[in-house]
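Input: a single structure, listed below in structure tokens.
The values are calculated or read from the model by the stated rules, or taken from the named source; none is laboratory data. Not measured: the values here are computed from a predicted model. FYI the Cβ positions are ideal-geometry reconstructions off the backbone, even for glycines, and counts take in every protein chain you see. The accessibility values were calculated without ligands, DNA or RNA, using every heavy atom of the protein model including side chains. Shrake-Rupley method; radii C 1.70, N 1.55, O 1.52, S 1.80 Å.
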There are 2 protein chains.
Amino acid sequence: MPVGTVGTVKGMTMDAVRSTGAGIVLGNTYHLMLRPGAERVRKMGGLHRMMDWPGPILTDSGGFQVMSLGALRKLDADGVTFNSHIDGSTHRLTPESSTRIQHALNATITMCFDECPALPATPERLAESMELSMRWAARSREAFVPREGYGQFGIVQGGTERDLRARSVRALTEIGFEGYAIGGLAVGEGQELMFATLDFTTPLLPERQARYLMGVGTPDDLLGGVERGVDMFDCVMPTRAGRTARAYTERGTLNLRNARHADDLRPLSPHCDCLACTRHSRAYLHHLFRAEEMLGPTLLTWHNLAYYQRLMRTIRAAILDGTLPDLAPRLRAHWAAGDWTEDEFPQPIPPPVP
Amino acid sequence: MPVGTVGTVKGMTMDAVRSTGAGIVLGNTYHLMLRPGAERVRKMGGLHRMMDWPGPILTDSGGFQVMSLGALRKLDADGVTFNSHIDGSTHRLTPESSTRIQHALNATITMCFDECPALPATPERLAESMELSMRWAARSREAFVPREGYGQFGIVQGGTERDLRARSVRALTEIGFEGYAIGGLAVGEGQELMFATLDFTTPLLPERQARYLMGVGTPDDLLGGVERGVDMFDCVMPTRAGRTARAYTERGTLNLRNARHADDLRPLSPHCDCLACTRHSRAYLHHLFRAEEMLGPTLLTWHNLAYYQRLMRTIRAAILDGTLPDLAPRLRAHWAAGDWTEDEFPQPIPPPVP
């Protein structure tokens, strides 16, 4: 899911997002409640209408972002009071108000309001936090208005502790949700520990409901997540990297600010059908970033979203064919091999000017 | 002509520029020679190929921009030596090198290298400068390589002095160009003096060749220019205004940062078919600018270019119908009337969410 924090996937029109093959995007409750405000989004006809995205939209609950505010927030059993990063004004989120706000935004998939502790943390702190999140999950479910075509996901917490994750899954499945997210990962524990946690968590989840790993990740994280039974991901990586001149390709990443691209007439990737790859050279993209032109971030974001979507399509096809075990090591070997040489991917002759 | 200074119309993909109806865009010799460099553009297949614009491209000669550098440049009879605004490095432009660079860029329309004095200026200074520009025009023509589908425009100088403008036109038409530009205006003299200068300059120009008023202007400037016989214009106004939240409409300009748009569900204009007007509300555009999201400048630039193109199409149609004398006062009255009231242009009901 491309991330559309405040009602826009940064640097992209929604037509451009659609063209990458994306079917669902994410919005952020925390950002949208502060600006333009949930009630204002509702008056605009909801988030779909406001941002011009007719497909499904998942909204996070604000829990993760509020926790990231550190000293600016105060937690109690009922919810969280925090200060806006924009103007310092005081706001409060509870399971009930977060759910109500997501309803006002018209989120297709509403997320439970949870507490997300940073890792590493003591098992005691993780247990306490998970238990609080489970009580909040029950209250979030209570506040959710079930309706055709809409759903709510519970969020499994418990850090890297196997028994806590198991207890969390039991608590959530007892309540019953349309899908289940795995929260509290990609918060500093590293890929190895994240995968180890997935290894014992995903088998506990209902097989026929969506599993969503929150805030993940690199192409390699996505592949490893799918191998461990995850269906959905969201991450700012492809969009944020695009704005900072980093391109994801089948052969690892490229930094387009690097002088080695200044005269390279090749597109970013020979396999990509995005606007950047079908119409422009690396040399032009390098120029746009050197000149600090908005089109550089736009084209690279476009490319990265197209790459992420293509990667997921490839993985999905391999699952259906039963060939994921063959595909996965090939993908990893290609990422590790580094950029195509000129022999592997020759300089194209520029087409004649019309 | 939308302005594509360094090989991109700021904030826009070329598909977006095309969708506004633009048929020709402008590039800047000064900017492109410094970055990415003329030779590099040539290696990329020329400016059309580099920026993905198959239609005609007009390049200015660098004369105007170099003159704007003030203390950073030194003028002699042969050309101008100047320091780059990027890194201070020393460069030189002459009529020959400017023409050669525009050839390397593959400009469809090459402009003569001229000197453009700021106004007001003494008649002596204007005469001297005009005579220099005319000698440079002859040298620019000499350096130009005539070829099918390409042309070169001379630039009429002489400030606001009638006899100087007449002498300049004579000098240029004696040399003979594919079209004629009127330079040295919109440099501080005000609209009245600009129109007065056009009144005595355009009648001197060959009737069946294009006339291009450089660096102009507001919608009202364009209308007044056409009424005085001008065919072509270029200006950063629609693009620059778009990046600073200002929208041009049939009813004057709007500042989208203004709080009065925060809950306005209407599009910018009821007459516009651009992406901003067909899919988004003023309230959303206001939000994008408040949140400093890139999509705000993109959508408003898109709208402004669409408005400028629509204005010129409307004017062209009126010329063909012989109704420009009726249209012009109506356009001016509407610009002066200010934004549509809610009665004139009711709030649309947001369409249902799919």
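In the stretch A:185-207, the residues that are over 10 Å from A:Arg228 (Cβ atoms) reach residues that are part of a helix (DSSP H, G or I) and open to solvent by 30 Å² or more (accessible area, probe 1.4 Å) with C-beta atoms within less than 7 angstrom, at least six apart or across chains, in these pairs: A:Pro206/A:Thr173.
The requirement of being in contact with a strand residue (DSSP E or B) (Cβ under 7 Å, 6 or more places away or on another chain), within 22 Å of B:Gly149 (Cα to Cα) and not in a loop (DSSP other than H, G, I, E, B) is fulfilled nowhere in the stretch B:74-86; no residue meets it. In the stretch B:263-275, is there at least one residue being over 20 Å from A:Asp15 (Cα atoms) and outside any loop (DSSP other than H, G, I, E, B)? No. For A:Gly37, the conditions (1) at positive phi; (2) in contact with a strand residue (DSSP E or B) (Cβ under 9 Å, 6 or more places away or on another chain) are fulfilled apart from (2).
Among the residues of the stretch A:31-48, the ones that are in contact (Cβ under 8 Å) with a residue 12 or more places away in the chain, facing chain B (nearest Cβ under 7 Å) and not in a loop (DSSP other than H, G, I, E, B) come to 2 in all.
Here's the yes/no breakdown for (1) of a type in the set (A, V, I, L, M); (2) modelled with pLDDT under 95; (3) not assigned by TED's automatic domain parsing to the domain that holds A:Leu47:
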{"position": "A:Gly63", "(1), (2), (3)": "no, yes, no"}
{"position": "A:Asp78", "(1), (2), (3)": "no, no, no"}
{"position": "A:Leu93", "(1), (2), (3)": "yes, no, no"}
{"position": "A:Ser98", "(1), (2), (3)": "no, no, no"}
{"position": "A:Met134", "(1), (2), (3)": "yes, no, yes"}
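Scanning the stretch B:49-63 for residues that are of a type outside the set (Lys, Arg), at the interface with chain A (Cβ under 9 Å from one of its Cβ atoms) and not in a loop (DSSP other than H, G, I, E, B) turns up B:Met50, B:Met51.
Here is a yes/no grid of residues against (1) open to solvent by less than 20 Å² (accessible area, probe 1.4 Å); (2) of a type in the set (A, V, I, L, M, F, W, C); (3) not assigned by TED's automatic domain parsing to the domain that holds A:Val25:
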residue: A:Tyr212; (1), (2), (3): yes, no, yes
residue: A:Gly225; (1), (2), (3): yes, no, yes
residue: A:Ala241; (1), (2), (3): yes, yes, yes
residue: A:Ala259; (1), (2), (3): no, yes, yes
residue: A:Leu268; (1), (2), (3): yes, yes, yes
residue: A:His280; (1), (2), (3): yes, no, yes
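Closer than 18 Å to A:Ile155 by Cα, over 18 Å from the mean Cα position of the chain (by Cα) and open to solvent by less than 30 Å² (accessible area, probe 1.4 Å): is that true of A:Thr94 in this structure? The answer is yes for A:Thr94. Looking at A:Arg316, A:Arg330, A:Arg310, just one residue is in the same structural domain as A:Ser269 (by TED's automatic domain parsing), charged (D, E, K, R) and open to solvent by less than 80 Å² (accessible area, probe 1.4 Å), and that residue is A:Arg310.
Filtered by the rule that a residue be out of contact with any His (no Cβ under 7 Å at 6 or more places or on another chain) and in contact (Cβ under 8 Å) with a residue 12 or more places away in the chain, the stretch B:2-17 gives B:Pro2, B:Val3, B:Gly4, B:Thr8, B:Val9, B:Lys10, B:Gly11, B:Met12, B:Met14, B:Ala16, B:Val17. Looking at A:Val66, A:Val17, just one residue is open to solvent by less than 40 Å² (accessible area, probe 1.4 Å) and either more than 12 Å from chain B (Cβ to nearest Cβ) or not in a helix (DSSP H, G or I) (or both), and that residue is A:Val66. From the list B:Glu292, B:Glu250, B:Glu344, the one residue that fits, being among the acidic types (Asp, Glu), at pLDDT below 95 and open to solvent by 10 Å² or more (accessible area, probe 1.4 Å), is B:Glu344. Taking the criterion of being more than 7 Å from every other protein chain (Cβ to nearest Cβ) and in contact with an Asp or Glu (Cβ under 8 Å, 6 or more places away or on another chain), the residues of the stretch B:3-14 that qualify are B:Val3, B:Met14. Where helices (runs of 4 or more DSSP H) fall entirely within the stretch B:281-354, those with at least 1 residues that are charged (D, E, K, R) and without any contact (Cβ under 8 Å) to a residue 12 or more places away in the chain are at B:295-321, B:324-337.
Inspection of the stretch A:114-129 identifies at least one residue that is modelled with pLDDT of 95 or more and among the small types (Gly, Ala, Ser). In the stretch B:20-30, of all residues being within 23 Å of B:Arg313 (Cα to Cα) and not β-branched (Val, Ile, Thr), the one that is farthest from the other protein chains (Cβ to nearest Cβ) corresponds to B:Gly21.
Looking across the stretch A:183-201, the residues that are out of contact with any Cys (no Cβ under 7 Å at 6 or more places or on another chain) and buried (at least 22 other Cβ atoms within 10 Å of the Cβ) come down to A:Leu185, A:Met194, A:Thr197, A:Leu198, A:Thr201. Out of curiosity, is A:Asp60 at positive phi and touching a Phe, Trp or Tyr at 6+ places or on another chain (Cβ under 9 Å)? When the stated conditions are applied, A:Asp60 does not pass them. Considering (1) away from every other protein chain (no Cβ under 14 Å); (2) in contact with a strand residue (DSSP E or B) (Cβ under 6 Å, 6 or more places away or on another chain), the lone condition that A:Pro346 does not fulfil carries the number (2).
Residues considered: A:Leu275, A:Leu268. Of these, the only one that is more than 14 Å from every other protein chain (Cβ to nearest Cβ) and within 22 Å of B:Leu47 (Cβ to Cβ) is A:Leu268. The number of residues in the stretch B:36-45 being among the small types (Gly, Ala, Ser) and either modelled with pLDDT under 95 or open to solvent by 70 Å² or more (accessible area, probe 1.4 Å) (or both) comes to 1.
The numbered conditions (1) touching a residue at least 40 places away in the same chain (Cβ under 8 Å); (2) within 14 Å of chain A (Cβ to nearest Cβ) are all true for B:Val230 except (2).
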